[in-house]
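Report on the following structure.
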Amino acid sequence: MVEVFKGTTTVGVLCDGGVVLASESRATMGNFIASSTAKKIYQVDDLVGLTTAGVVGDAQSLVRITQVEARLHRMQRGEPMTVKAIASMLSNILSNRRYYPYMVQLVLGGVDRYGPKLFSLDAVGGQIEERNLVSTGSGSPIAYGVLESEYRSRPSLDDGTTLAAKAIRTAMKRDSASGDKVELVRITKESYEEVGDLKLQEIMNLL
């Protein structure tokens, strides 16, 4: 059986005025650490991000499809797709492949004219609109322990960023398929921001 890159922890946190997406950067092939710089958060539209857990090739294929469909919609309609519309499109794609499924768990988050939105999707197209927070991947049970004990309703973007980083860091300590570097993305109605190394170090020093 061919080994594939997999293993992950991702987190999404709904904040006051935005969404925080977080992941770590390790990809594994069985017990082998195949990469320490795997990308797991992708920008699929101007103010929409997608986190991926599962088989890397499947996830990257879905990311490319989503990016193209979002661009086509903007060109044809003159406006961006809503976050819910992107989630529904992904749900349909995944459901249509239920007999040969994409082996992924996805978290879709962003801001549109209806405000911040967060969705989780499973490998066969199950779509859930998350009201507060979500985690996927092999380290998610550990991350949920931090998230559910410390989450407060609609935290500020800064507090949500710190919470997401703490959940990922805690999962990295106990899940062997998660590790190396924390990655953070903050999305508001003004911008899609990938948190840089300097700011990330400041956040990690607060934990």
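Filtered by the rule that a residue be among the acidic types (Asp, Glu) and touching a strand residue (DSSP E or B) at 6+ places or on another chain (Cβ under 8 Å), the stretch 152-179 gives ASP159, ASP175.
Modelled with pLDDT of 95 or more, touching a strand residue (DSSP E or B) at 6+ places or on another chain (Cβ under 6 Å) and part of a strand (DSSP E or B) - does that describe any residue in the stretch 63-71? Walk me through how you get there before you give the answer.
So the first thing to find is which residues in the stretch 63-71 are modelled with pLDDT of 95 or more, and the list is 63-71.
Still in the running and touching a strand residue (DSSP E or B) at 6+ places or on another chain (Cβ under 6 Å): 63, 66-67, 70.
In the following step, the residues that additionally are part of a strand (DSSP E or B) were identified as none.
Checking the stretch 63-71: not a single residue is modelled with pLDDT of 95 or more, touching a strand residue (DSSP E or B) at 6+ places or on another chain (Cβ under 6 Å) and part of a strand (DSSP E or B).
On the given criteria, is VAL48 in contact with a Gly (Cβ under 8 Å, 6 or more places away or on another chain), closer than 28 Å to ARG98 by Cβ and touching a residue at least 12 places away in the same chain (Cβ under 8 Å)? Show your work before the answer.
Working: in contact with a Gly (Cβ under 8 Å, 6 or more places away or on another chain): yes; closer than 28 Å to ARG98 by Cβ: yes; touching a residue at least 12 places away in the same chain (Cβ under 8 Å): yes.
Taking the combined requirement at face value, the residue satisfies it.
Screening LEU118 against (1) part of a helix (DSSP H, G or I); (2) closer than 14 Å to VAL13 by Cβ; (3) in contact with an Asp or Glu (Cβ under 7 Å, 6 or more places away or on another chain); (4) hydrophobic (A, V, I, L, M, F, W, C) leaves a single unmet condition, (1). The residues listed here are MET81, MET75; of these, the one that is in a loop (DSSP other than H, G, I, E, B), under 24 Å from SER191 (Cβ atoms) and not aromatic (Phe, Trp, Tyr) is MET81. Just checking, does the stretch 46-57 include any residue being among the polar types (S, T, N, Q), buried (at least 17 other Cβ atoms within 10 Å of the Cβ) and assigned to a strand (DSSP E or B)? Checking the stretch 46-57: at least one residue is among the polar types (S, T, N, Q), buried (at least 17 other Cβ atoms within 10 Å of the Cβ) and assigned to a strand (DSSP E or B). Inside the stretch 27-43, residues that are closer than 17 Å to ILE187 by Cα and touching a residue at least 60 places away in the same chain (Cβ under 8 Å) make up a count of 3.
The values are calculated or read from the model by the stated rules, or taken from the named source; none is laboratory data. Computed from a prediction, not measured in an experiment: that's the story for all the values here. Reconstructed Cβ throughout: ideal geometry from the backbone, glycine too, with neighbour counts over all protein chains shown.
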